[in-house]
1. When only residues in the range 71-111 that are among the basic types (K, R) and surrounded by fewer than 16 Cβ atoms within 10 Å (Cβ to Cβ) count, which is modelled with the highest pLDDT?
2. Starting from the range 55-76, take each residue that is more than 26 Å from D110 (Cα to Cα) and list its partners that are part of a strand (DSSP E or B) and hydroxyl-bearing (S, T, Y), counting only C-beta distances under 6 angstrom and pairs at least six apart or across chains.
3. Specify the residue that is nearest to M159 (Cα to Cα); the eligible residues are those in the range 15-49 that are at pLDDT below 90, buried (at least 21 other Cβ atoms within 10 Å of the Cβ) and among the aliphatic types (A, V, I, L, M).
4. What residue, among those in the range 118-148 that are of a type outside the set (A, V, I, L, M), surrounded by fewer than 16 Cβ atoms within 10 Å (Cβ to Cβ) and out of contact with any Pro (no Cβ under 9 Å at 6 or more places or on another chain), is nearest to K164 (Cα to Cα)?
5. Give the number of residues within the range 104-144 that are more than 17 Å from F87 (Cα to Cα) and of a type in the set (D, E, K, R).
6. If you take the residues of the range 149-178 that are buried (at least 16 other Cβ atoms within 10 Å of the Cβ) and of a type in the set (V, I, T), which of them is nearest to K103 (Cα to Cα)?
Amino acid sequence: MALKRLIPGFSRSDAEIEKRNPVAFKKARGWSMSENIWICGNVGAGKTFLAQSIGRKAQEKFSARLLFASAQEILRWGNREKPNSLFEDAKVRGLTILDDLDKLDPRFFDRFYELMEARYLKALPTVITANSTARALYDFFLANHPENPGLIGAAFDRMNPCLKIELRGKSLRPDIDA
């Protein structure tokens with residue numbers, strides 16, 4: 001999975017990211033597209049990089065059609081009357097990577113549920129990156145939607161089975177110590 005290149009915005013190579021998180025990369029290498037993946041960690045820890053590496057592996061090894069975009073970009077735009085083609089595409093792609101789910105405006109959580117339900121029914125894997133653990137993000141959305149705890153629970157339930165990967169360490173980006 002190593003790409004042997006420098007990552008734009010990062011001060012170190014992918015080998016450095018892997019060296020700091022060997023267990024995470026071992027888990028990622030063992031993934032077979034039969035489950036979802038939740039990648040969490042600090043800002044700049046390499047979550048997006050790992051998600052992109054997993055996506056490339058899925059394309060190469062499983063010929064998966066890949067869609068990578070920020071969760072906000074996929075889920076925010078469009079509605080039932082005026083569908084968002086990116087959102088509709090995310091429902092059917094072989095692998096969809098939702099980057100930075102924790103940045104999603106809570107008002108669009110119903111779209112997250114709709115996406116996860118569609119992918120769950122088709123048994124399509126989803127990779128999610130976030131600074132927060134799934135539990136912390138569940139609690140955040142629940143606090144912002146106390147009127148509908150069933151929707152929140154159902155959306156996160158659609159993530160199972162789920163491989164959870166936590167990246168540790170300070171930011172690898174220059175001048176960022178989040």
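The values are calculated or read from the model by the stated rules, or taken from the named source; none is laboratory data. Source: prediction; values computed, not measured. Counting neighbours? That spans all protein chains shown, and the Cβs are built from the backbone with ideal geometry, glycine included.
1. So the first thing to find is which residues in the range 71-111 are among the basic types (K, R), and the list is 76, 80, 82, 91, 93, 103, 107, 111.
In the following step, the residues that additionally are surrounded by fewer than 16 Cβ atoms within 10 Å (Cβ to Cβ) were identified as 80, 82, 103, 107.
Values: R80: 57, K82: 60, K103: 91, R107: 83.
Only one residue fits best here, namely K103.
2. none
3. Restricting to residues being at pLDDT below 90, buried (at least 21 other Cβ atoms within 10 Å of the Cβ) and among the aliphatic types (A, V, I, L, M), the top hit is A28.
4. The selected residue is T133.
5. Looking only at that region, the number is 2.
6. I152
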